[in-house]
Amino acid sequence: LAAGFETGRLAGLRVLVTAGPTREAIDPVRYVSNRSSGRMGYAVAAAAREAGARVTLVSGPVALDGPPGIERVMVETAEEMRAAVRAQLPGCDIFIGAAAVADYRPAQAAAQKLKKRDANLSLDLVRNPDILAEVAQGEPRPFTVGFAAETGDLDANARTKRMQKSLDLIAANLVGPGLGFDAEDNALTLYWEGGSESLPRQSKPQLARELIAIVAQRFHDASS
Ligand code: CTP
Ligand code: CA
C-alpha cells in the first residue's frame, strides 16, 4: 500500500472533503447536533493530500487542527456547508462527503434565549438539504463518494443509499457506543457498482489511507 502513496495516486487532482457535524441553532445558546468528532473526515483529507491531491476540507465545528497542506473552510450549519461546497465544487475531481450533516434543523431559530415554562417542549424541525445527493446529481459532477452511518443492516442500507443518491462509491460503518462516531478506531465496508470490499477495524488514519487507495483506483478505472 505504501508504494501507491509514494507514486502519488491522486497527483494533479482536486479533492473536496466534508467533515464533522453541523450545528443547527435552536436559540442564541442552544443547538441540535450529533456525536461526530470529525476525525474520520480529517483523516480522509490528510490521506488524499498524502496521495498527492490538492485538498479542500469543508468542516463543521470540531476540536481538531487543520491538517497541514490542506485548505480548510469552517462552517456551522448544513446550509453554510452546502454554500461552501457549492463555492468549492468547480474544478473538483473527487468529492468525499464524510460530514455528519444534521438531517433536520429547527424551523426557526428563536431570536431570544428560550425560557423554560411548561413540563414539555416540542421543537418544530424541517429537513436540511442533502449536500451529497446534490453534488452527485449536479453538473459538473465529480467522482462522488459518500459515507453511510448505520445501526441496523449495514449491507442493505448502504447499497440502497448508494443507488438512491447516485454515488460512485459508499463507505459504510456501523455506529453506536465505542463504534464509528467519536471513537478512535473504525471499520468500513465499501460498495461500488459491481463490487465491495471490507476494511477491518483499525485507526482512522490507517483506514483513511486504505479508503483513498481504493477511491483512487475506482476513479482511474472510471475515467479510463
Ligand atoms: N449527507 C449530506 N447531507 C445531508 C445528509 C447526509 O451530505 N443533509 C451525506 C453524509 O455526509 C454522508 C451521506 O450523506 O456521506 C449519508 O449520511 P447518512 O446520515 O448515513 O444518511 P442519510 O442519507 O442522511 O439517511 P439517514 O440518516 O436517514 O439514514
Ligand atoms: Ca442522516
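The values are calculated or read from the model by the stated rules, or taken from the named source; none is laboratory data. Since this is a predicted model, take the numbers as computed values, not measurements. We place every Cβ from the backbone using ideal geometry, glycine too, and count neighbours over all the protein chains shown. SASA here: full protein model, heavy atoms, side chains in, ligands and nucleic acids out. Shrake-Rupley method; radii C 1.70, N 1.55, O 1.52, S 1.80 Å.
Values computed for the structure shown
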| read-out | value |
| --- | --- |
| Count - residues of the range 113-133 that are open to solvent by 80 Å² or more (accessible area, probe 1.4 Å) and out of contact with any strand residue (DSSP E or B) (no Cβ under 9 Å at 6 or more places or on another chain) | 8 |
| Boolean, I70 is buried (at least 17 other Cβ atoms within 10 Å of the Cβ) and either without any contact (Cβ under 8 Å) to a residue 40 or more places away in the chain or not aliphatic (A, V, I, L, M) (or both) | yes |
| Flag for A47 being under 25 Å from A187 (Cα atoms) and crowded, with 24+ Cβ neighbours inside 10 Å | yes |
| Qualifying residues in the range 139-167 (those that are open to solvent by 50 Å² or more (accessible area, probe 1.4 Å) and among the acidic types (D, E)) - the one farthest from G194 (Cα to Cα) | E139 |
| Test: residue in the range 13-21 that is in contact with a helix residue (DSSP H, G or I) (Cβ under 7 Å, 6 or more places away or on another chain), part of a loop (DSSP other than H, G, I, E, B), of a type outside the set (D, E, K, R) and open to solvent by less than 10 Å² (accessible area, probe 1.4 Å) | yes |
| Only one of R39, R54, R9 that is touching a residue at least 40 places away in the same chain (Cβ under 8 Å), within 16 Å of ligand 1 (Cβ to nearest atom) and open to solvent by 40 Å² or more (accessible area, probe 1.4 Å) | R39 |
| Any hit, the range 87-94, residues being in contact with an Asp or Glu (Cβ under 8 Å, 6 or more places away or on another chain) and within 19 Å of G146 (Cβ to Cβ) | no |
| Residue that is within 15 Å of ligand 2 (Cβ to nearest atom), among the acidic types (D, E) and at pLDDT below 95, where the choices are E150, E139 | E150 |
| One residue from N173, N186, N157 being over 15 Å from G97 (Cβ atoms) and part of a strand (DSSP E or B) | N186 |
| Strands (runs of 3 or more DSSP E) wholly inside the range 67-124 that include at least 1 residues being away from ligand 1 (no atom under 16 Å from the Cβ) | 71-74 |
| Candidate set: the range 101-116, residues that are more than 16 Å from ligand 2 (Cβ to nearest atom) and of a type in the set (D, E, K, R); chosen: the one nearest to V85 (Cα to Cα) | K113 |
| Residue within the range 191-204 that is touching a helix residue (DSSP H, G or I) at 6+ places or on another chain (Cβ under 7 Å) and of a type in the set (S, T, N, Q) present | no |
| Only listed residue being over 21 Å from R14 (Cβ atoms), surrounded by 12 or more Cβ atoms within 10 Å (Cβ to Cβ) and touching a Ser or Thr at 6+ places or on another chain (Cβ under 7 Å), chosen from A136, A172, A110 | A172 |
| Any hit, the range 84-101, residues being of a type in the set (K, R), closer than 30 Å to G52 by Cα and open to solvent by 70 Å² or more (accessible area, probe 1.4 Å) | yes |
